[in-house]
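Rule-based calculations on the coordinates, nothing more; no lab input. All values reported here derive from a predicted model rather than from experimental measurement. Reconstructed Cβ throughout: ideal geometry from the backbone, glycine too, with neighbour counts over all protein chains shown.
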Amino acid sequence: METAEVIAVSVAALLIAAEIVCLYLCSKLKCKNYPMCILLPIHNEDSEFTRRLDCIGTHIEEGDPLIGTVLLMDMGANETQIQHCREFCQRYHAAEIILPEDMESSMKKYLHFS
């Protein structure tokens, strides 16, 4: 091999290595996954409530690392919806039923605000 070919291959190999390292590091730094607090308001008129609750439950069961806490806010829920919420909270210990006036204290408790 001539000197020019060796230099070209060396530079290409160095660029490929740098690209791989950058892609790996950048993806690790950008995609820090912090658990989220999901707030699901429960209204009497919400016909999709059980589907929303089931969807959240499915994500928890699949081990979704983004779901840290589920707050179910009673904003005029009917008794059937409240019963679904109680069952959900028994099944998933990261869930809690709250009232709108408890919002601030719940956020401080789960998100560690001061």
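One table, with the values for the structure above:
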| read-out | value |
| --- | --- |
| Lys, Arg +1 and Asp, Glu -1 on Cβ, resulting dipole of region 36-111 about Cα centre, debye, nearest 20 | 200 debye |
| Distant-in-sequence amide H partners of ILE67 (H built 1.01 Å from N, under 5 Å) | MET36 |
| Shape call, region 36-111: gyration tensor on alpha carbons, a/c limit 1.5 | oblate |
| Neighbourhood charge, 14 Å Cβ-Cβ cut-off, centred on GLN81 and excluding it, Lys, Arg +1 and Asp, Glu -1 | -4 |
| Using θ = phi - 60° and Karplus 6.51 cos²θ - 1.76 cosθ + 1.60, couplings along region 16-21 (whole Hz; Gly, Pro as x) | 5, 4, 5, 4, 5, 4 |
